[in-house]
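Beneath this line is the structure, given in structure tokens, with notes to follow.
The values are calculated or read from the model by the stated rules, or taken from the named source; none is laboratory data. Predicted model, so just to flag it, every value in this text is computed and none were measured. Don't worry about glycine lacking a Cβ; one is built from the backbone with ideal geometry, like all the others, and counts go over all protein chains shown. We work out accessible area using only protein heavy atoms, side chains counted, and drop any ligands, DNA or RNA first. Shrake-Rupley method; radii C 1.70, N 1.55, O 1.52, S 1.80 Å.
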Amino acid sequence: MILSCIYIAETKLMGRGVFTSANIDKGTVVEESPVIVMSMEERKLLDQTLLHDYIFEWGGKKDQCCMALGYVSVYNHSYRSNCEYEMDFKKGLIAIRTVHFVKAGEELFINYNGNWNDNKPVWFDAK
């Protein structure tokens, strides 16, 4: 499920990003996407490719990884994100939920650290 107002477009600084064409209230699930779960052995192979930047750690012990389908892998990182992601290990889904009101035309961001307000440095040079 992806809200009909969500779309992918070019950003000024980060390549592609996810945007909204309508206002979205705080607490709204904007996307629920299935994931493809892979083992740590497969992750070692993925880490040698461009896909390294698009996978998520997965499982309660973080002993797996996953590739999310839908738009999930296109959301850009921000330490001041307006969305958060939630993992449902049993259903094999990642959901994106707004943590603030988002105005039409704005880009939707997640914090790659897992918590929307976590300022711990990420593995790449983040703005």
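Quick notes on this structure:
- Meets criteria (out of contact with any Lys or Arg (no Cβ under 9 Å at 6 or more places or on another chain), assigned to a loop (DSSP other than H, G, I, E, B), over 20 Å from Asn113 (Cα atoms) and not polar (S, T, N, Q)) for Lys90: yes
- Inspection of the range 7-24 finds a residue satisfying the criterion of being among the aromatic types (Phe, Trp, Tyr) and buried (at least 17 other Cβ atoms within 10 Å of the Cβ).
- Ser81 being among the polar types (S, T, N, Q) and open to solvent by 30 Å² or more (accessible area, probe 1.4 Å): no
- Taking every residue in the range 56-79 that is at positive phi and pairing it with any residue that is open to solvent by less than 50 Å² (accessible area, probe 1.4 Å), at least 6 positions away or on another chain, the pairs with Cβ-Cβ distances below 6 Å are Gly70/Glu31; Gly70/Ser33.
Yes/no matrix, rows are residues, columns are (1) more than 16 Å from Glu106 (Cα to Cα); (2) in contact with a Ser or Thr (Cβ under 6 Å, 6 or more places away or on another chain); (3) among the hydrophobic types (A, V, I, L, M, F, W, C):
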site: Val37; (1), (2), (3): yes, no, yes
site: Met40; (1), (2), (3): yes, no, yes
site: Lys61; (1), (2), (3): yes, no, no
site: Asn76; (1), (2), (3): no, no, no
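- Residue within the range 36-45 that is hydrophobic (A, V, I, L, M, F, W, C), closer than 21 Å to Ile2 by Cβ, open to solvent by 60 Å² or more (accessible area, probe 1.4 Å) and part of a loop (DSSP other than H, G, I, E, B) present: no
- Test: Glu31 is within 19 Å of Tyr112 (Cβ to Cβ) and not in a loop (DSSP other than H, G, I, E, B): yes
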